[in-house]
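Q: Can you keep this structure in mind? I'll have questions shortly.
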Amino acid sequence: MLIMKSSMKQKILLEVAVISLKVFNLLIGNGTAVVFQTGDNTFFGKIASSTLKIERPPSLLTAEIFRLIVVLAYISFTLATIFLIVAICVGYSVSASIVAFVGIIVGNVPEGLLP
């Protein structure tokens with residue numbers, strides 16, 4: 001049984017010599033364990049949550065991919081708008097022209113770049 005002396009109460013819990021931070025296996029005999037912190041309140045949980053709070057700037061690859069997506073979106077929207085106007089002027093119905101408009105926009109976006 002673990003008994004804390006009055007001198008041990010003043011120490012930080014991680015400095016105590018008889019503490020198990022992760023897993024405790026008792027091979028022979030009887031033992032009693034007290035769980036005093038779980039999840040994000042543990043030592044390792046605090047480390048994990050502190051690494052998630054760090055905001056990293058976007059990498060160069062991420063910035064270039066975003067720029068590529070924006071350029072492709074402008075090109076496909078411009079191309080679809082031109083075909084919409086030409087289709088209506090030639091004599092296609094408005095509904096068929098809008099279907100072609102949407103099809104051109106969707107067709108110009110590569111599947112790997114979809115959000």
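Q: Please enumerate the residues belonging to region 79-93 that are surrounded by fewer than 11 Cβ atoms within 10 Å (Cβ to Cβ) and part of a helix (DSSP H, G or I).
A: Once the filter is applied, which keeps residues that are surrounded by fewer than 11 Cβ atoms within 10 Å (Cβ to Cβ) and part of a helix (DSSP H, G or I), region 79-93 yields CYS89, VAL90.
Q: Take the residues in region 54-69 that are surrounded by 10 or more Cβ atoms within 10 Å (Cβ to Cβ) and in a helix (DSSP H, G or I), then tell me which one is nearest to the chain's Cα centre (by Cα).
A: The selected residue is THR62.
Q: While we're looking at this one, here's another question. Please tell me if THR51 is out of contact with any strand residue (DSSP E or B) (no Cβ under 8 Å at 6 or more places or on another chain), modelled with pLDDT under 85, over 30 Å from GLU111 (Cβ atoms) and loosely packed, with under 10 Cβ neighbours inside 10 Å.
A: Spelling it out, THR51 is indeed out of contact with any strand residue (DSSP E or B) (no Cβ under 8 Å at 6 or more places or on another chain), modelled with pLDDT under 85, over 30 Å from GLU111 (Cβ atoms) and loosely packed, with under 10 Cβ neighbours inside 10 Å.
The values are calculated or read from the model by the stated rules, or taken from the named source; none is laboratory data. This one's a predicted model, so the numbers in the text were calculated from it and none came from an experiment. Cβ coordinates were reconstructed from backbone atoms using ideal geometry, including for glycine residues, and neighbour counts include every protein chain displayed.
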